[in-house]
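The values are calculated or read from the model by the stated rules, or taken from the named source; none is laboratory data. These figures come from a predicted structure and were not determined experimentally. When we count neighbours, we look across all protein chains shown, and the Cβ atoms used for this are built from the backbone with ideal geometry, even at glycine.
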Amino acid sequence: MLVQSQNSIAKLMHNDTLHHASYLAVAKTRAKILKVFSLVIPMPRPLLFVGESACDELCDMMINEGASKVFIVTDAVLNKLGVPAKVTDYLEQNNISYHVYDGITPDPTFEVVNEGLSESVNAGCDAVLAIGGGSVIDAAKMIAMAQGNNCQPKQLIGLFKAKKPSVPLYCIPTTAGTGSEATIGAVVSDDNTHQKKIAIDPKMVSLAAAIDPNIMKGMPAHITADTGIDVLTHALEAWMSVNAGAETDYYAASAAKAVMEYLPTVYKNGDDLKARQEMGVAAHYGGIAFNKAGLGYVHAIAHQLGAHYSIPHGRANAIVLPYILDLNRKASEKRLAALARKIGLVKTGQAGSSDGELADHLITQVRELLETVGIDPTVKGMQQSDFDSIAKAAAKEVSDTYAVPTYMQASQIKDILMKIKTASDERAATS
Ligand SMILES: [Fe+2]
């Protein structure tokens, strides 16, 4: 009996290994295809205006490009706070008409995007301006692309579905996080299942973006922390990606350096305009880096934690990030050490500057940053019974989309989920 069950276990393990081997083969082939795509597909970049007059300069550009009626996409909170006024006042002074749509919700659904599209078309707008965070910018991308192609947003889901250019699109990010103004992707949630649907198309990249620190200074400290760690995660995952190159390295390292230096400052003092501006540029650079190099397991698992337990995207990344740095520590030792040197965490030649020591030092610095900016590792309602589906979906996202340095078996992903749950339970017990 014992021998029989040992044989069954051995067979299962053998099957699991075979399954993982075929998963690895598919994932690595897809990663190579993604690399070719990133080299062949043109990745347009928005013109970037930076500083306290950036919004005015962006408006001047819209006017010079011939915009006669601007469709301003935002959300109700920002509109109530009067954030779009900085732009609408300037447009009024220059006799440019506009129409404000503030119906964008977090994780916008097709219903929300369709409503925005109808309003833009009915109002006769000929330019789209997003003023908001990642959800607003993603929705604006879909509205501009659907209006330019005279189609429904749903028809744009998938790869390169747009045949014509978008209506001219401009962005003013109000958070320093997603870098969505620089990327070729937009996410819309299904109205019924709330499953995320992704459109990928270079035609959705904005013509210009304004990084204005005054627009970002009202962001509360906890959102500043969550979105700032999202930037760091974009930078680190793009840096560790097998598909990283010289260009993505430049942007990823610049973004990582800025976050390590300025996030603690802006977390403590949200009115520090220099730090706000540096974080805004870092978010943009992070977007450019992952647009080409891709992301990894931090985002794959964080997306699932967000979907299952309604955790903000940046916070979910912050919770997962240390575990994936530990996972990649061995395979990415040289790369992590190179990043530590590049961003000046430790100078070459100093004591304790072997690759291994530098990689460890970088990971420790990231952990310390998470503490400094008060990241709460609690995931409310985490259930072990969800782990199978979370692990499966995360593994699929990685194999479909990313080029990671270390691939995990489902059991390893579940081990990480268990560690997150344990840390969360311990935190809940002591608070
Ligand atoms: Fe992200």
Matching entry among Ala289, Ala331, Ala293 (being buried (at least 24 other Cβ atoms within 10 Å of the Cβ), away from the ligand (no atom under 13 Å from the Cβ) and in the same structural domain as Val242 (by TED's automatic domain parsing))
Ala293
Cβ-Cβ under 6 Å, sequence separation 6+ or interchain: first residue in segment 223-238 and among the hydroxyl-bearing types (Ser, Thr, Tyr), partner within 9 Å of the ligand (Cβ to nearest atom). Which pairs?
Thr227/Gly177; Thr227/Gly314; Thr233/Val298; Thr233/Asn317
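Matching residues to (1) buried (at least 16 other Cβ atoms within 10 Å of the Cβ); (2) within 15 Å of the ligand (Cβ to nearest atom); (3) at positive phi:
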site	(1), (2), (3)
Pro165	no, no, no
Lys203	yes, no, no
Ile215	yes, no, no
Ile229	yes, yes, no
Of (1) part of a helix (DSSP H, G or I); (2) more than 12 Å from the ligand (Cβ to nearest atom), Ile311 satisfies every one except (1)
For segment 235-265, what are the residues that are aliphatic (A, V, I, L, M) and either outside any helix (DSSP H, G or I) or over 14 Å from Arg276 (Cα atoms) (or both)?
Ala235, Leu236, Ala238, Met240, Val242, Ala244, Ala246, Ala252, Ala253, Ala256
Condition broken by Gly185, with the remaining ones in (1) of a type outside the set (Val, Ile, Thr); (2) within 16 Å of the ligand (Cβ to nearest atom); (3) at pLDDT 95 or above satisfied:
(3)
Kindly list the number of the only condition in (1) surrounded by 19 or more Cβ atoms within 10 Å (Cβ to Cβ); (2) out of contact with any Gly (no Cβ under 6 Å at 6 or more places or on another chain); (3) farther than 20 Å from Lys217 by Cα; (4) free of Cβ contacts under 8 Å to residues at least 40 places away in the same chain that fails for Cys125.
(4)
Thr401: hydroxyl-bearing (Ser, Thr, Tyr), modelled with pLDDT under 95 and within 25 Å of the chain's Cα centre (by Cα), yes or no?
yes
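Somewhere in segment 182-202, is a residue assigned to a helix (DSSP H, G or I) and assigned by TED's automatic domain parsing to the domain that holds Thr74?
Yes, because at least one residue in segment 182-202 is assigned to a helix (DSSP H, G or I) and assigned by TED's automatic domain parsing to the domain that holds Thr74.
Within segment 210-234, how many residues turn out to be assigned to a loop (DSSP other than H, G, I, E, B) and under 17 Å from the mean Cα position of the chain (by Cα)? Full working, then the answer.
Restricting attention to segment 210-234, the residues satisfying the condition of being assigned to a loop (DSSP other than H, G, I, E, B) are 212, 217-220.
Those left that are additionally under 17 Å from the mean Cα position of the chain (by Cα): none.
Within segment 210-234, residues that are assigned to a loop (DSSP other than H, G, I, E, B) and under 17 Å from the mean Cα position of the chain (by Cα) number 0.
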Which one is nearest to the chain's Cα centre (by Cα), of the residues in segment 57-74 that are assigned to a helix (DSSP H, G or I) and of a type outside the set (D, E, K, R)?
Leu58
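Would you confirm, using the coordinates I've provided, whether Asp230 is closer than 30 Å to Ser310 by Cα and outside the structural domain of Lys268 (by TED's automatic domain parsing)?
In short, no.
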Total residues in segment 205-222, condition touching a residue at least 60 places away in the same chain (Cβ under 8 Å), closer than 23 Å to Asp60 by Cβ and not hydroxyl-bearing (Ser, Thr, Tyr):
11
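Looking at the structure I just gave you, is Val40 surrounded by fewer than 15 Cβ atoms within 10 Å (Cβ to Cβ) and either assigned by TED's automatic domain parsing to the domain that holds Ala246 or without any contact (Cβ under 8 Å) to a residue 60 or more places away in the chain (or both)?
yes
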Qualifying residue in segment 108-131 (condition: out of contact with any Asp or Glu (no Cβ under 8 Å at 6 or more places or on another chain), within 16 Å of the ligand (Cβ to nearest atom) and either under 23 Å from His284 (Cβ atoms) or part of a helix (DSSP H, G or I) (or both)):
no
Could you tell me whether any residue of segment 101-118 is buried (at least 19 other Cβ atoms within 10 Å of the Cβ), modelled with pLDDT under 95 and not assigned by TED's automatic domain parsing to the domain that holds Gln152?
no
Could you check segment 86-100 and list, in sequence order, the residues that are assigned to a helix (DSSP H, G or I) and either on the phi > 0 side of the Ramachandran plot or modelled with pLDDT of 95 or more (or both)?
Val87, Thr88, Asp89, Tyr90, Leu91, Glu92, Gln93
Looking for whichever is within 12 Å of the ligand (Cβ to nearest atom), part of a helix (DSSP H, G or I) and crowded, with 24+ Cβ neighbours inside 10 Å here; the options are Ala316, Ala282. Which one fits?
Ala316
